[in-house]
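J.: Can you read through this structure? Questions will come right after.
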Amino acid sequence: MINLPKSIAKIEIKPSTIKPKTLDISVHMPIWKTLDKKDGKVYIKMPLFDVETYSISDSDEDIDTAIKEAMHCFFTAADKYGGGIHKQLQHMGWQIKNKRHIRFKTNRPIVKKRQPYMEQFNFDSKEPAIHSMMSTGTPTTLSLQYAS
């Protein structure tokens with residue numbers, strides 16, 4: 001029997017304690033980066049979001065910016081046209097692993113009808129081929145703020 005890692009990728013979504021109507025989103029998943037020597041661009045693939053983008057520079061800062069902008073576009077499209085971020089992620093195969101209410105001190109009042117919560121999504125597979133394929137990507141962790 002093959003021992004597979006627990007999760008291929010993880011996402012944590014929680015309300016920002018600083019900005020109202022903003023979500024703090026942390027994403028950990030494999031990403032592929034390929035430098036095209038002809039045009040000098042770095043092409044970036046994020047298959048678990050079905051997103052591709054590129055950076056015109058091969059600097060780590062520019063690549064991280066391109067990835068964050070692509071993720072922001074993904075979350076915006078999911079929020080506006082995919083029935084919401086949570087539904088879109090579930091439709092794409094992500095599973096909710098943990099949803100819990102959180103309490104934090106803030107200057108703004110907490111509305112009782114909508115308690116703040118944190119959700120964790122995992123992308124899992126029981127197929128060894130999927131794990132093997134995903135292990136060829138670079139494990140990347142990025143955080144961003146999304147204003148819903």
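The values are calculated or read from the model by the stated rules, or taken from the named source; none is laboratory data. What you see is a predicted model; the values in this text were computed from it and never measured. Every residue, glycine among them, receives a Cβ derived from its backbone with ideal geometry; neighbour counts consider all protein chains shown.
J.: For the list (1) assigned to a loop (DSSP other than H, G, I, E, B); (2) under 13 Å from A147 (Cα atoms); (3) touching a residue at least 24 places away in the same chain (Cβ under 8 Å), I need the number of the one condition that F49 fails.
T.: (2)
J.: Would you please name the residue that is modelled with the lowest pLDDT, looking only at residues in region 43-74 that are hydroxyl-bearing (S, T, Y) and surrounded by 13 or more Cβ atoms within 10 Å (Cβ to Cβ)?
T.: Among them, the one singled out is S57.
J.: Out of the residues in region 10-23 that are at pLDDT 90 or above and touching a Leu at 6+ places or on another chain (Cβ under 8 Å), which is surrounded by the most Cβ atoms within 10 Å (Cβ to Cβ)?
T.: I11
J.: Please find, within region 24-42, the residue that is modelled with the lowest pLDDT out of those that are of a type in the set (D, E, K, R) and not in a loop (DSSP other than H, G, I, E, B).
T.: D24
J.: Please identify the pairs in which a residue from region 88-110 that is closer than 16 Å to M29 by Cα has its Cβ atom under 7 Å from the Cβ atom of a residue that is outside any strand (DSSP E or B) and modelled with pLDDT under 90, counting only partners at least 6 apart or on another chain.
T.: Q95/D124
J.: Within region 5-23, track down each residue that is charged (D, E, K, R) and assigned to a loop (DSSP other than H, G, I, E, B).
T.: Those that are charged (D, E, K, R) and assigned to a loop (DSSP other than H, G, I, E, B): K6, K19, K21.
J.: Restricting region 93-134 to residues that are of a type in the set (A, V, I, L, M) and under 18 Å from the mean Cα position of the chain (by Cα), which is modelled with the highest pLDDT?
T.: It comes out as I96.
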